[in-house]
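The values are calculated or read from the model by the stated rules, or taken from the named source; none is laboratory data. Just so it is clear, the model here is predicted, and its values are computed rather than measured. Note that we place each Cβ from the backbone using ideal geometry, even for glycine, and neighbour counts take in every protein chain shown. The accessibility values were calculated without ligands, DNA or RNA, using every heavy atom of the protein model including side chains. Shrake-Rupley method; radii C 1.70, N 1.55, O 1.52, S 1.80 Å.
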Amino acid sequence: MRYLGALRIWLLLPVLVPVLGLVPAPACGQDTFKIAYIDPLSGGGASIGEVGLKTFQFLAEEINAKGGVLGKKLEIVGYDNKINPQESLVQIQKALDAGIRIVTQGNGSSVAAAISDFAAKYNERNPGKEFIYLNYAAVDPVLTNDKCSYWHFRWDANSDIKMAALTDHMKTRPNIKKLYLINQDYSFGQSVRAEGRKMLGAKRPDIQIVGDELHPLLKITDFAPYVAKIKASGADSVITGNWGQDFALLLKAAADAGLQVDWYTYYAAGTGGPTAIKQSGVNHRVFQVSEGLANIPHKASEDFEKALRAKYDFGLFYPRAVNEIRMLVAAINEAKSFDVPKIAAKLEAMKFDVFNGGEGFMRKEDHQFFQPLYISSFGERGDKEPFDEEKTGWGWRIVTKLDAANTVLPTTCKMDRPS
């Protein structure tokens with residue numbers, strides 16, 4: 001009889017559990033707040049994607065050590081998009097199905113455009129289930145101009161802002177006589193190419209463009225033929241927006257060919273870049289525009305660098321990622337809610353003390369973040385430059401700094417806001 005009684009209770013459980021409110025907790029967990037990290041974790045972009053994932057996870061650990069977000073632990077969940085727009089949307093749908101409502105991505109701009117467009121359409125069709133897209137590295141200007149979206153926020157300076165800063169520096173360098181442009185053949189690389197020509201044409205019309213090359217994204221394994229063209233052109237300087245293996249392999253080929261030119265770059269600090277620069281022997285002849293670097297005399301960011309490097313075998317590539325996560329947490333705390341529309345409303349026009357010091361602000365009109373920018377060079381370190389990169393003994397050195405107010409460019413964004 002005891003057996004039959006227990007059996008009856010067991011058979012009734014599917015009915016009793018919902019009635020009693022004892023349903024199992026959802027997969028996302030009531031004590032966890034999750035962010036989906038959508039970036040390449042395999043293939044040619046994996047070296048960049050893995051560093052990004054670990055950086056965001058390190059930031060989550062920092063937040064959790066301080067009590068989390070509204071009492072919940074922050075968790076970063078990685079999704080491999082294979083740097084493909086269609087695959088990215090598949091992975092985002094998986095994240096949404098898992099209950100995740102915050103998405104971050106950075107590589108590259110074609111993926112970013114697909115995500116931003118998808119967010120606008122999805123959120124319009126699914127009121128009450130909106131998600132927000134936090135962009136930490138995709139810099140095509142169109143994303144905060146003609147294709148701006150209320151649900152998209154960008155923390156990296158767009159490529160026009162960076163090119164304006166880079167060419168302001170280049171116009172002061174009389175040694176630049178002949179210039180070669182080499183870029184990846186997609187929206188970002190095309191933008192670097194076009195704006196480089198346009199801005200230098202206005203600021204230094206005396207500079208001769210002796211080459212202008214586009215190549216497939218993350219598919220070239222040997223840049224020797226491209227370097228041979230640069231060498232034959234007689235160029236003394238190169239502009240490139242190449243990132244990831246496309247920069248590291250380009251500089252490796254330059255080292256093999258003994259090419260000695262000045263390089264003006266966006267992402268030379270990425271994985272493999274510092275090693276290739278050292279092999280090329282171009283001491284303080286590679287310049288990068290960025291929102292921060294390790295060797296800035298600022299105690300809070302220096303302490304963060306030390307802690308990150310103690311855990312992982314790399315430094316901070318993305319000061320903007322720190323700004324992104326800390327601003328998101330501040331927005332949630334101010335809103336006292338995980339509700340996406342409330343978070344978005346708090347992020348708009350938010351001012352924030354940025355990672356490397358100084359004030360940044362999110363422009364409400366287009367959701368572009370503005371922050372101090374630095375031109376730095378890579379080479380032998382001085383006494384006040386404590387951090388090297390990739391065990392080369394060389395490190396980044398500040399050449400010049402621009403305050404956030406001096407980086408502002410106009411926007412053509414006409415944003416559709418939710419009613």
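Does residue 193 meet the test of being open to solvent by 20 Å² or more (accessible area, probe 1.4 Å), under 25 Å from residue 113 (Cα atoms) and not aliphatic (A, V, I, L, M)?
So residue 193 fits the description; yes.
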Original post:
Do any residues in the range 226-250 that are in contact (Cβ under 8 Å) with a residue 60 or more places away in the chain have Cβ atoms under 9 Å from those of residues that are assigned to a strand (DSSP E or B) and open to solvent by 40 Å² or more (accessible area, probe 1.4 Å), where the two are at least six apart or on different chains, and which pairs are they?
Top reply: 236/178; 237/178
Original post:
For the subset of the range 56-78 comprising residues that are open to solvent by 30 Å² or more (accessible area, probe 1.4 Å) and assigned to a strand (DSSP E or B), which member is nearest to residue 186 (Cα to Cα)?
Top reply: 78
Subject >> Single condition residue 342 does not satisfy, out of (1) touching a residue at least 12 places away in the same chain (Cβ under 8 Å); (2) outside any strand (DSSP E or B) >> reply: (1)
Original post:
Is it the case that some residue within the range 370-393 is at pLDDT 95 or above, in contact with a Leu (Cβ under 8 Å, 6 or more places away or on another chain) and part of a helix (DSSP H, G or I)?
Top reply: no
Subject >> Selection count where residues are open to solvent by less than 10 Å² (accessible area, probe 1.4 Å) and either polar (S, T, N, Q) or closer than 22 Å to residue 165 by Cα (or both), scope the range 244-261 >> reply: 3
Original post:
If you take the residues in the range 281-303 that are in contact (Cβ under 8 Å) with a residue 60 or more places away in the chain and under 19 Å from the mean Cα position of the chain (by Cα), which one is farthest from residue 59 (Cα to Cα)?
Top reply: 287
Original post:
Is it the case that residue 221 is within 27 Å of residue 399 (Cα to Cα), at pLDDT 95 or above and hydroxyl-bearing (Ser, Thr, Tyr)?
Top reply: no
Original post:
Any residue at all in the range 223-236 that is open to solvent by 30 Å² or more (accessible area, probe 1.4 Å), in contact with a Leu (Cβ under 6 Å, 6 or more places away or on another chain) and part of a helix (DSSP H, G or I)?
Top reply: yes
Subject >> Of residues in the range 385-417 being charged (D, E, K, R) and out of contact with any strand residue (DSSP E or B) (no Cβ under 9 Å at 6 or more places or on another chain), the one farthest from residue 145 (Cα to Cα) >> reply: 391
